[in-house]
1. Confirm whether T78 is of a type in the set (S, T, N, Q), surrounded by fewer than 19 Cβ atoms within 10 Å (Cβ to Cβ), assigned to a helix (DSSP H, G or I) and out of contact with any helix residue (DSSP H, G or I) (no Cβ under 9 Å at 6 or more places or on another chain).
2. Determine if the range 96-105 includes at least one residue that is surrounded by fewer than 16 Cβ atoms within 10 Å (Cβ to Cβ), in contact with a helix residue (DSSP H, G or I) (Cβ under 7 Å, 6 or more places away or on another chain) and on the phi < 0 side of the Ramachandran plot.
3. Can you pull out every residue in the range 13-42 that is buried (at least 20 other Cβ atoms within 10 Å of the Cβ), in contact (Cβ under 8 Å) with a residue 60 or more places away in the chain and of a type in the set (A, V, I, L, M, F, W, C)?
4. May I ask you to verify whether H73 is at pLDDT 95 or above and either of a type outside the set (A, V, I, L, M) or assigned to a helix (DSSP H, G or I) (or both)?
5. Assuming T10 fulfils every condition listed in (1) assigned to a helix (DSSP H, G or I); (2) without any contact (Cβ under 8 Å) to a residue 40 or more places away in the chain apart from one, which condition is it?
6. Looking only at the range 51-72, filter to residues that are surrounded by 12 or more Cβ atoms within 10 Å (Cβ to Cβ) and of a type in the set (K, R); which one of those is nearest to L120 (Cα to Cα)?
7. Which one of these does Q118 not meet: (1) over 24 Å from N59 (Cβ atoms); (2) part of a helix (DSSP H, G or I); (3) without any contact (Cβ under 8 Å) to a residue 40 or more places away in the chain?
8. Return a yes/no flag: does the range 46-57 have any residue that is part of a helix (DSSP H, G or I) and over 21 Å from E117 (Cα atoms).
Amino acid sequence: MTKEKILTSTLKHLSIHGYEGTTMKNIAKDCDIQAASIYYFFKNKDDLVSRVLFKVLSNHFKAMTDEYFKHEHEDLLTRLEFMLEKIARHHRENREETSVYLRLMESANNDFKMEVEQYLNQYNQWLYGKLYKDIQSEYKDVDDDTTKSLIETFLLIGNGVFWGSIIYSDTRIEAEINHAKNLMRLAMKAMLKEE
């Protein structure tokens with residue numbers, strides 16, 4: 001229970017103060033323990049922050065893969081639309097986690113930036129692989145370059161939805177998601193030469 005409290009407190013502090021402003025002393029105070037007690041569970045601050053980051057990134061991966069598999073039997077456009085909605089919903093429902101992710105990307109500690117970059121590469125490879133197979137099986141006549149362009153377009157639109165979910169109000173993000181879906185629809189129509 002204490003270990004979970006420490007992780008939860010660290011998540012909160014990182015989301016507010018970033019890496020540099022988060023101290024073991026304040027985390028311990030939050031958990032009503034001595035700062036030295038944290039070292040029973042974690043080697044040092046970097047180990048603790050790394051565990052929190054792993055938890056944040058794991059939650060993101062689970063949310064996105066669950067959404068993909070939930071709709072894997074739908075047509076490609078429907079699946080992509082659900083994924084765009086999930087990007088916004090996940091980051092809005094997990095604002096502390098999203099804030100931690102962003103703040104660690106700004107930190108002077110390059111190890112965390114590298115962890116995030118490695119995660120994004122793994123996530124994008126997973127998504128790229130899934131979408132590549134989906135496009136090739138649903139649209140048999142589509143060439144390799146078009147398939148890759150369509151996936152890159154989805155990733156670009158998804159990045160826009162991610163930033164919009166951080167910046168915009170609830171009302172505005174709903175409109176942005178609809179714009180993103182329309183953009184995806186138009187891109188598919190143009191690239192796949194659909195009627």
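1. The answer is yes for T78.
2. yes
3. Selection gives L14 alone.
4. Answer is no for this residue.
5. Of the numbered conditions (1) assigned to a helix (DSSP H, G or I); (2) without any contact (Cβ under 8 Å) to a residue 40 or more places away in the chain, the odd one out for T10 is (2).
6. K55
7. Evaluating Q118 over (1) over 24 Å from N59 (Cβ atoms); (2) part of a helix (DSSP H, G or I); (3) without any contact (Cβ under 8 Å) to a residue 40 or more places away in the chain leaves (1) as the failure.
8. The answer is no; no qualifying residue exists.
The values are calculated or read from the model by the stated rules, or taken from the named source; none is laboratory data. From a predicted model like this one, the values you see are computed outputs, not experimental measurements. A quick note on method: Cβ atoms are made from the backbone with ideal geometry, for glycine too, and the neighbour counts reach across all protein chains shown.
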